[in-house]
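Only one structure is covered here, and it is reproduced in the block below.
The values are calculated or read from the model by the stated rules, or taken from the named source; none is laboratory data. If you're wondering where the values come from, they're calculated on a predicted model, not measured in any experiment. Virtual Cβ from ideal backbone geometry, glycine too; neighbours counted across all protein chains shown. Ligands, DNA and RNA are stripped out before the accessible areas are found, and what is left, the full protein with its side chains, is counted by its heavy atoms. Shrake-Rupley method; radii C 1.70, N 1.55, O 1.52, S 1.80 Å.
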Amino acid sequence: MIRHSDSNRDTGVRYLILTSLFLTGAVQLELDLSPNNGTIVTIGSNMTFTCSVIPCNETGSMVLLYRHVQKLFSGICNETFNITDRRFEFSCNSAECMYSLNVYDVDITDHKRPMLCIYRSSSEDMLIKTTSIGVLDMLDDTYNFTTISPTGPFVDGESVDFKCCFQREDSPDTTLSFQCHGELITQEIDNFTCLNLNVSIDIDQNRTKCKCTAQSKDMSFDVSSELQLVINQYDLLFELSPITNVVFDTSTTLACRVAGLQYPFAFGHWEYHNGKEDKSLISSIISNETKLLTVNNITYEKMGIYYCTVVDVRKNNSIIANASTELYVQGMY
């Protein structure tokens with residue numbers, strides 16, 4: 001994982017100059033500092049910071065400063081400088097206006113430490129640029145640059161706005177992809193970005209995984225986060241007419257109410273069963289939460305069980321729940 005360490009940070013070095021230019025006569029100079037800010041480096045590896053002056057047409061002085069080590073280069077040089085701390089080694093090639101710091105055996109304390117490059121021209125103009133690295137512990141992946149929210153649990157049918165976020169700045173040529181709930185979206189990014197995906201939660205996706213992945217074109221990093229969806233059934237609260245005894249050849253109305261019923265759920269047909277036959281009956285819906293069924297000219301054949309059904313309109317109006325009441329004709333028992 002990427003670990004954050006704020007201890008012993010060089011708080012006095014807070015340069016946020018991302019593009020630094022100055023003029024020397026009619027020539028515009030700039031610094032090129034690599035690697036890019038936020039480049040991922042694994043623990044135990046070796047890496048090199050390189051600062052170059054562009055164009056290389058004069059010899060000024062250069063200071064490289066990283067953590068507790070620094071080196072001043074002045075005049076013509078083409079050599080390597082070892083210091084007491086053997087993890088660090090400076091080198092220079094003034095003919096190419098290139099100055100470097102080799103860092104050996106990268107450890108977690110190098111995470112997000114600023115590397116400072118300061119160039120002073122022969123006309124005393126100053127140019128400054130900074131960068132830093134992210135340190136990845138390959139043995140521990142509990143932290144990631146990518147996040148998925150919200151995390152749930154969810155309820156069947158609810159509308160959810162998922163976010164897949166990449167939490168790192170200065171990430172050129174990066175592809176952010178989000179696969180979730182049977183859908184996939186991708187976007188080319190170069191900075192902190194979130195992908196948004198709105199879905200109507202489907203219980204059929206319970207225990208499936210969402211995956212948020214950020215991958216750089218040069219494969220300097222390929223990180224992802226996963227979320228297993230936990231989806232509970234929608235709790236339908238039926239209020240239904242009680243068992244009804246009616247007089248032969250009269251009419252009655254059965255009422256069914258489901259509080260809070262809304263898309264993607266809706267009332268289906270009434271279903272009728274008397275032990276001999278099953279029927280679907282058309283009813284009157286007076287609101288999203290209430291529907292009525294009027295049974296006219298009641299005979300013995302219309303006795304039986306009447307089911308109030310709720311369907312999922314996303315799934316060809318398949319029945320997801322029902323509640324029942326019974327109709328009797330007086331004098332039968």
Problem - Identity of the residue in the range 169-189, open to solvent by less than 90 Å² (accessible area, probe 1.4 Å) and of a type in the set (D, E, K, R), that ends up modelled with the lowest pLDDT - result: D170
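Can you tell me which residue among T151, T84, T109, T130 is closer than 30 Å to Q205 by Cβ and either in a strand (DSSP E or B) or not aromatic (F, W, Y) (or both)?
Numbers: T84 fails: closer than 30 Å to Q205 by Cβ; T109 fails: closer than 30 Å to Q205 by Cβ; T130 fails: closer than 30 Å to Q205 by Cβ.
None of the other options fit; the residue is T151.
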Exercise for the section: Please enumerate the residues belonging to the range 45-81 that are charged (D, E, K, R) and either in a strand (DSSP E or B) or within 40 Å of the chain's Cα centre (by Cα) (or both). Expected result: R67, K71
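I need the full set of residues from the range 69-79 which are modelled with pLDDT under 90 and surrounded by 11 or more Cβ atoms within 10 Å (Cβ to Cβ), in order please.
First pass over the range 69-79, keeping only residues modelled with pLDDT under 90: 74-79.
Once the filter is applied, which keeps residues that are modelled with pLDDT under 90 and surrounded by 11 or more Cβ atoms within 10 Å (Cβ to Cβ), the range 69-79 yields S74, C77, N78.
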Exercise for the section: Return the residue satisfying two criteria in turn: it lies in the range 283-318 and is of a type in the set (S, T, N, Q) and within 41 Å of the chain's Cα centre (by Cα), and of such residues it is least open to solvent (accessible area, probe 1.4 Å). Expected result: T309
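Looking at this structure, is I83 in contact with a helix residue (DSSP H, G or I) (Cβ under 6 Å, 6 or more places away or on another chain), modelled with pLDDT under 90, open to solvent by 50 Å² or more (accessible area, probe 1.4 Å) and farther than 20 Å from S34 by Cα?
Numbers: in contact with a helix residue (DSSP H, G or I) (Cβ under 6 Å, 6 or more places away or on another chain): no; modelled with pLDDT under 90: yes; open to solvent by 50 Å² or more (accessible area, probe 1.4 Å): yes; farther than 20 Å from S34 by Cα: yes.
No: the conditions fail for I83.
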Completion exercise
Taking first residues from the range 292-316 that are closer than 11 Å to G268 by Cα and second residues anywhere that are of a type in the set (D, E, K, R), the pairs with Cβ under 7 Å that are 6 or more apart or on different chains are Y307/E271; T309/E271
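Filter the range 89-117 down to the residues that are touching an Asp or Glu at 6+ places or on another chain (Cβ under 8 Å) and either buried (at least 16 other Cβ atoms within 10 Å of the Cβ) or under 14 Å from N46 (Cβ atoms) (or both) and list them by number.
So in the range 89-117, the residues touching an Asp or Glu at 6+ places or on another chain (Cβ under 8 Å) come out as 91-92, 101-104, 108, 113-114.
Correct list: S91, C92, L101, N102, V103, Y104, R113, P114.
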Practice task
Determine, yes or no, whether S280 is free of Cβ contacts under 8 Å to residues at least 60 places away in the same chain, open to solvent by 40 Å² or more (accessible area, probe 1.4 Å) and within 51 Å of the chain's Cα centre (by Cα).
Solution key: yes
Exercise for the section: Tell me, yes or no, whether the range 131-151 has at least one residue that is closer than 23 Å to N232 by Cα, at pLDDT 85 or above and of a type in the set (A, V, I, L, M, F, W, C). Expected result: yes
Exercise for the section: Sort through F192, F166 and tell me the only one that's hydrophobic (A, V, I, L, M, F, W, C) and open to solvent by less than 20 Å² (accessible area, probe 1.4 Å). Expected result: F166
Fill in the blank from the handout: When K276 is run through (1) touching a strand residue (DSSP E or B) at 6+ places or on another chain (Cβ under 8 Å); (2) not in a strand (DSSP E or B), the failure sits at (1)
Fill in the blank from the handout: When (1) farther than 22 Å from T131 by Cα; (2) not in a strand (DSSP E or B) are applied to Q187, the one that fails is (2)
Fill in the blank from the handout: Conditions (1) under 30 Å from S200 (Cα atoms); (2) of a type in the set (S, T, N, Q); (3) without any contact (Cβ under 8 Å) to a residue 60 or more places away in the chain -> T146 fails only (3)
Practice task
Give the residue that is modelled with the lowest pLDDT, with candidates limited to residues of the range 59-68 that are open to solvent by less than 20 Å² (accessible area, probe 1.4 Å) and within 19 Å of E124 (Cβ to Cβ).
Solution key: G60
Completion exercise
Exactly one of T50, T80 is of a type in the set (S, T, Y), touching a Ser or Thr at 6+ places or on another chain (Cβ under 6 Å) and under 16 Å from K129 (Cβ atoms), and that residue is T50
Completion exercise
The condition from (1) of a type in the set (A, V, I, L, M, F, W, C); (2) without any contact (Cβ under 8 Å) to a residue 60 or more places away in the chain; (3) surrounded by 16 or more Cβ atoms within 10 Å (Cβ to Cβ) that A321 misses is numbered (2)
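Residue-wise test of (1) of a type in the set (A, V, I, L, M); (2) open to solvent by less than 70 Å² (accessible area, probe 1.4 Å); (3) modelled with pLDDT under 75.
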residue: I2; (1), (2), (3): yes, yes, yes
residue: R14; (1), (2), (3): no, no, yes
residue: T19; (1), (2), (3): no, no, yes
residue: F22; (1), (2), (3): no, yes, yes
residue: N36; (1), (2), (3): no, no, no
residue: M47; (1), (2), (3): yes, yes, no
residue: N57; (1), (2), (3): no, no, no
